[in-house]
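Asks: Got a structure here, written out as structure tokens. Questions coming.
The values are calculated or read from the model by the stated rules, or taken from the named source; none is laboratory data. Given the structure is predicted, the values throughout are model-derived calculations rather than measurements. FYI the Cβ positions are ideal-geometry reconstructions off the backbone, even for glycines, and counts take in every protein chain you see.
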Amino acid sequence: MDSPVPTLITQADPVELINATVTQLNRVILGKEHQLRLCVACLLARGHLLIEDIPGVGKTTLAHALAETLGLSYQRIQFTSDLLPADIIGISIFERETGEFRFHKGPVFSQLVLADEVNRATPKAQSALLEAMEEHQVTADGNTYALAAPFFVIATQNPVYQIGTYPLPESQLDRFLMRIELGYPDAAFERQLLMGQDRRDLLATLSATLSPQQLLLMQTMVPGVHASDALLDYVQAIVRHTREAPQYEAGMSPRAAIALLRAAQAWALIHDHPGVLPEDIQAVLPSVVGHRLKPRGDAQARSATEVGQAVLRAVPVP
Amino acid sequence: MSEVAVAARPIVARRAPLSRFALQLTWVSGSFLLAMLPHLSSIRWWVALLAVTTAGWRLLIEIRGWSLPHRLIRTVIAIAGMLGVLLAYRTLNGLEAGTAFLVLMGGMKLLETRSTRDLTVTIFVSYFLLYAGFLYHQELPWLPYMLVTAWLLTATLMLIHQRSPMSLAESLQRTARMLIMALPLAVLMFLFFPRLPGQFWALPAREQAMTGLSDTMSPGDVSELSISSALAFRVKFEGDMPPPRERYWRGPVLHDFDGRTWRRPRFGYVERPVIAFGKSYDYRMVLEPHNREWLFPLDAVTGWPQGTFRTADFQLLSRRAVSRTTSFAMRSSPQYRSGGPLPKAMQMADLRLPPGRNPRSLALAQQLRATVASDTEFVQAVLQRFRSEEFFYTLQPPKLDTDSVDDFLFNTRRGFCEHYASAFTVLARAAGIPARVVTGYQGGEFNPMNDYLIVRQSDAHAWSEVWLGEDGWVRVDPTSAVAPERIERGLADAIDATESVPGRLFRRSTLLLQMRQAWDAVNTFWNDKVVEYGERHQRSLLERLGIEDADWQELGTALLVSLIAFFALLTGYLAWQFRPRSHDPLVRVYDALCRQLAKRGLGREPHEGPNTYLARVLTQRPDLAAQLNEILALYVALRYGPRLLGSQLTSQTSRFKFLVNQLRV
């Protein structure tokens, strides 16, 4: 991989590297620093990201900017109702010269895959991608092919109430570490947006601030971020609350609890905390539990942030 | 199917583990028998045997899987037992019959035990039985037994009421904790439960032989008593103690002599005055029960408590036999003279000798009296005779024939104090001097641990008193002529080293002596502070607490108030014990910080993490930025950061504490 940046992480502080990355992303995606940091945290925690929002708020631009900034190979898959699994993972084609089948790798073999409007494809196509995400490998015609490392999927989806969607089932949603919403920009940023350059031109000016090796190294650092007993108490209190409180249809699963901790560890890492703080949990919690926790009854329409805030307010920090 | 069949068939070779109920039954029966043990000395043997048999039978039934005895059989046994008690004790009422009946019924209850409820009833009967044991045994050595058995009973009670099986060890552990928690309550009840004055609580006297002086004295009686080192009484003096040679503790005074045995007459004389001079002593005597009415005041008693009276021969008698350890406050003057002329009747009685007995002694006395000028000189002459001739002081005197005094004076010449006192008194009477034998105790061992003087049965003594006209009754102790060490230093020093004497061992070993004294001090404490605790003590305790002249209503109020206080304290303690708190000192300091800030309206919301919280505080109080930022950094690092090394941890923790303490909001 030809990377202009030094490959040794020790030469630069992860925090500085991340800050530089976020600063550069900020130039493209205006006024969304928190979401950007969540994206990076999700990436560092080896998770996959689901961006749910209405079209036109910059989901694709975000994914593209991330790929450029992180120096990752990038492929975009536009999910449509006629998308086939082979369109995602690749296909074996008979080659006349050699007289045998050769596997042509699909777009999923990139380091960063943008699955655009994932809920417009049929469940069959969806599960092809989601299986690849889970297994980090693809099996075709009896052969197993490893995916790239790092491997990061950003899926976008339109809100479920839009027409022509196949909503992801809960079990599939669980594959995504975080789900974020971009939302409308603030008035001031929107103004800048209107006045400024075309985003696509801006993208071309971006340079990689991180090498894939640095990214991989940082990914290995995430599980090592210290989580104290006090913090684990807090995590368990949160999990217990979601299981015991009557307003949720089902509580957080152990996998969700691990996801929460991993995300918080990544968040602590990029914010230079000595260990995971309750605030780290609080920062990532709405994105981690928003798509996992289903409020009962009428409250369904509430946004992830609201659900997360409700959980956080109910659980005291020990 | 076959499993069940095999288990049901009684196979001797293979011992099946006891069922849960059988185990419970074993413990309950064991506890019952242990509770019965203190009564073994008072109930008839067949009652105890019946109880043991029924317990064993019931266990066998359980182990072997037999069926319980038919209702008819049980009824017959119960009625037979009841009749047996009725015949043996002539009543079903009263202490001994009641206890026997209780033991019997407890055993019978075991025979029909088939449910937890039955077991519980047996346990309660056992509690009752055990505590009835205090009616017989109030001595300290019994206390541990009673306590341990009560503990075991409680543990068994817990055991049989557990749904899930529980080991006895665990149950013992739990009940121990419960009992310890209940201890303050028991102490409160003991101290403040209203007690009635007088003898209302007194136990009925039990017919039981006890060691001690009797109202007769034959040769060998006192020396036999002297073998025992059992406690006779303890004395505590207010102020000085009289010297050993003045420590004559006066017991029964014997006037009637039949040639061999001295007797205390059944009748009394009119009260005689005592002219005391010299020093008088105030003291309190704690008398061990001896089931007789006489006390043993220091000779001669000049002040005595209510319920006792002094006789003409200066005995101090209680109106009731002393059947349990009792304390008496008394005053005595060792230097005294009996006033007034000797009444004719007393003179007659104290000159009387059995006709035709001890002729040689009578002759000797008359002959001796003729050679001296006065009665006083006669006394001196007799004592001189004991001193100069070959008389021996021994605990093992030879047997004497019917004319005991003659035999002693002219043949054996070996005797204990009663021999000398008896011989001297006979000689004096023969010489026409009114004389009598006084029995009691002489000396006593001082216990420096609690300043009590301990008088044992081995200090039993007998001496004479003669009427010397002007001087009145004069004490003459012929033993002191033969063995002056007996009076000055006690029995063990006076007896020849070849003879075994109680207490000699203790004189040789200081350690043993100290152990004995310590044990005695503990016993005294137990007796004075616990067994003897009554209305008077309660009153003085309440006066110390500022409640003067308490009646039972005030006592009840005091009890109630202390009970409420106790439960309030207990509740408080438990609430404190189970309060939501962190054992982490770090968290406590952080909580203190939050509380301090909360006083300024900057309280932490429960869901706020440290960063969020202090950031919010800083928006309100930017002046605290420097301090709070350092506090925050330390707290976050200590609480959520990786574990620090020992020294670093200590220094950072103390820095954190220091900063929080320094912070003035």
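Asks: Please work out which residue is farthest from residue B:660 (Cα to Cα), limiting yourself to the range B:588-625 and to residues that are of a type outside the set (Asp, Glu) and facing chain A (nearest Cβ under 9 Å).
Replies: Top of the filtered list is B:607.
Asks: Any chance the range B:186-209 includes a residue that's modelled with pLDDT under 85 and closer than 30 Å to residue B:423 by Cα?
Replies: Yes.
Asks: List every residue pair whose Cβ atoms lie under 6 Å apart, where the two residues are 6 or more positions apart in sequence or sit on different chains, the first residue falls within the range B:545-560 and is in a loop (DSSP other than H, G, I, E, B), and the second residue, located anywhere, is surrounded by 10 or more Cβ atoms within 10 Å (Cβ to Cβ) and not charged (D, E, K, R).
Replies: From the range B:545-560, the pairs are B:550/B:542.
Asks: Now for a different question. Go through the range A:137-161 and count every residue that is part of a loop (DSSP other than H, G, I, E, B) and closer than 20 Å to residue A:76 by Cβ.
Replies: 6
Asks: Report every pair of residues separated by at least 6 positions or lying on different chains whose Cβ atoms are under 8 Å apart, first residue within the range A:87-109 and without any contact (Cβ under 8 Å) to a residue 40 or more places away in the chain and in the same structural domain as residue A:145 (by TED's automatic domain parsing), second exposed (fewer than 15 other Cβ atoms within 10 Å of the Cβ) and outside any strand (DSSP E or B).
Replies: If the second residue must be exposed (fewer than 15 other Cβ atoms within 10 Å of the Cβ) and outside any strand (DSSP E or B), the pairs left are A:106/A:86.
Asks: Now, a different point. If you check every pair at least six apart or on different chains, which have Cβ atoms under 6 Å apart with a residue in the range B:246-257 that is touching a residue at least 40 places away in the same chain (Cβ under 8 Å) and more than 15 Å from residue B:290 (Cα to Cα) first and a residue that is buried (at least 22 other Cβ atoms within 10 Å of the Cβ) and among the polar types (S, T, N, Q) second?
Replies: These pairs meet every condition: B:248/B:442; B:253/B:315.
Asks: Restrict the check to the range B:73-80 and report whether at least one residue is out of contact with any helix residue (DSSP H, G or I) (no Cβ under 6 Å at 6 or more places or on another chain) and of a type in the set (D, E, K, R).
Replies: no
Asks: Determine, yes or no, whether residue A:229 is within 14 Å of another protein chain (Cβ to nearest Cβ), over 18 Å from the mean Cα position of the chain (by Cα) and at pLDDT below 90.
Replies: yes
Asks: Considering every residue within the range A:34-51, establish whether at least one is among the small types (Gly, Ala, Ser) and either over 29 Å from residue A:207 (Cβ atoms) or not assigned by TED's automatic domain parsing to the domain that holds residue A:154 (or both).
Replies: For the range A:34-51, residues among the small types (Gly, Ala, Ser) and either over 29 Å from residue A:207 (Cβ atoms) or not assigned by TED's automatic domain parsing to the domain that holds residue A:154 (or both): absent.
Asks: Okay, next question. Restricting attention to the range A:262-294, and to residues there that are among the β-branched types (Val, Ile, Thr), closer than 14 Å to residue A:37 by Cα and more than 14 Å from chain B (Cβ to nearest Cβ), which single residue is surrounded by the fewest Cβ atoms within 10 Å (Cβ to Cβ)?
Replies: Among residues in the range A:262-294 that are among the β-branched types (Val, Ile, Thr), closer than 14 Å to residue A:37 by Cα and more than 14 Å from chain B (Cβ to nearest Cβ), the one surrounded by the fewest Cβ atoms within 10 Å (Cβ to Cβ) is A:270.
Asks: Would you confirm, using the coordinates I've provided, whether residue B:628 is more than 8 Å from every other protein chain (Cβ to nearest Cβ), closer than 26 Å to residue A:223 by Cβ and surrounded by 20 or more Cβ atoms within 10 Å (Cβ to Cβ)?
Replies: Here the answer is no, as residue B:628 does not meet what is asked.
Asks: Right, next: Tell me which strands (runs of 3 or more DSSP E) are completely within the range B:292-392 and hold 1 or more residues being free of Cβ contacts under 8 Å to residues at least 24 places away in the same chain, or say none if there are none.
Replies: The qualifying strands (runs of 3 or more DSSP E) are B:308-310.
Asks: Of these, B:81, B:107, B:98, which one is surrounded by fewer than 19 Cβ atoms within 10 Å (Cβ to Cβ) and within 16 Å of residue B:47 (Cβ to Cβ)?
Replies: B:98
Asks: Determine whether residue A:210 is part of a helix (DSSP H, G or I), closer than 26 Å to residue A:70 by Cβ and not aromatic (Phe, Trp, Tyr).
Replies: no
Asks: Can you find even one residue in the range A:165-183 that is within 14 Å of chain B (Cβ to nearest Cβ), touching a residue at least 60 places away in the same chain (Cβ under 8 Å) and charged (D, E, K, R)?
Replies: Among the residues of the range A:165-183, not one is within 14 Å of chain B (Cβ to nearest Cβ), touching a residue at least 60 places away in the same chain (Cβ under 8 Å) and charged (D, E, K, R), which makes the answer no.
Asks: OK, next. Would you confirm whether any residue within the range A:247-259 is of a type outside the set (A, V, I, L, M, F, W, C) and either within 14 Å of chain B (Cβ to nearest Cβ) or closer than 25 Å to residue A:22 by Cα (or both)?
Replies: no
Asks: Same structure again: Restricting attention to the range A:110-125, does a residue exist that is over 16 Å from the mean Cα position of the chain (by Cα) and crowded, with 23+ Cβ neighbours inside 10 Å?
Replies: yes
Listed here are the residues, each with its yes/no results for (1) out of contact with any Leu (no Cβ under 7 Å at 6 or more places or on another chain); (2) closer than 27 Å to residue B:260 by Cβ; (3) surrounded by fewer than 21 Cβ atoms within 10 Å (Cβ to Cβ); (4) basic (Lys, Arg).
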position	(1), (2), (3), (4)
B:284	yes, no, yes, yes
B:302	yes, no, yes, no
B:316	no, no, no, no
B:330	yes, no, no, no
B:339	yes, no, yes, no
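Asks: Condition test on residue B:416, is it surrounded by fewer than 24 Cβ atoms within 10 Å (Cβ to Cβ) and aromatic (Phe, Trp, Tyr)?
Replies: No; evaluated as a whole, the condition is false for this residue.
Asks: Filter the range B:527-577 down to the residues that are aliphatic (A, V, I, L, M) and under 15 Å from residue B:195 (Cβ atoms) and list them by number.
Replies: Passing the criteria: B:530, B:531, B:541, B:542, B:547, B:550, B:555, B:558, B:559.
Asks: Still on this model: Looking only at the range B:631-649, count how many residues are at pLDDT 85 or above and away from every other protein chain (no Cβ under 14 Å).
Replies: Looking only at that region, the number is 1.
Asks: Now for a separate question. Do we find a residue being surrounded by 16 or more Cβ atoms within 10 Å (Cβ to Cβ) and within 14 Å of another protein chain (Cβ to nearest Cβ) anywhere in the range B:564-586?
Replies: Yes, there is a match, as at least one residue in the range B:564-586 is surrounded by 16 or more Cβ atoms within 10 Å (Cβ to Cβ) and within 14 Å of another protein chain (Cβ to nearest Cβ).
Asks: Count, please, the residues in the range B:611-631 that happen to be closer than 14 Å to residue A:271 by Cβ, in contact with a helix residue (DSSP H, G or I) (Cβ under 7 Å, 6 or more places away or on another chain) and not hydroxyl-bearing (Ser, Thr, Tyr).
Replies: Of the residues in the range B:611-631, 1 are closer than 14 Å to residue A:271 by Cβ, in contact with a helix residue (DSSP H, G or I) (Cβ under 7 Å, 6 or more places away or on another chain) and not hydroxyl-bearing (Ser, Thr, Tyr).
Let's see how each residue does on (1) surrounded by fewer than 18 Cβ atoms within 10 Å (Cβ to Cβ); (2) of a type in the set (Lys, Arg); (3) at positive phi:
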| site | (1), (2), (3) |
| --- | --- |
| B:234 | no, yes, no |
| B:242 | no, no, no |
| B:249 | no, no, no |
| B:261 | yes, no, no |
| B:266 | yes, yes, no |
| B:274 | no, no, no |
| B:280 | yes, no, no |
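Asks: Name the pairs: first residue in the range B:638-665 and free of Cβ contacts under 8 Å to residues at least 60 places away in the same chain, second residue β-branched (Val, Ile, Thr), Cβ to Cβ under 6 Å, at least 6 apart or on different chains?
Replies: B:659/B:631
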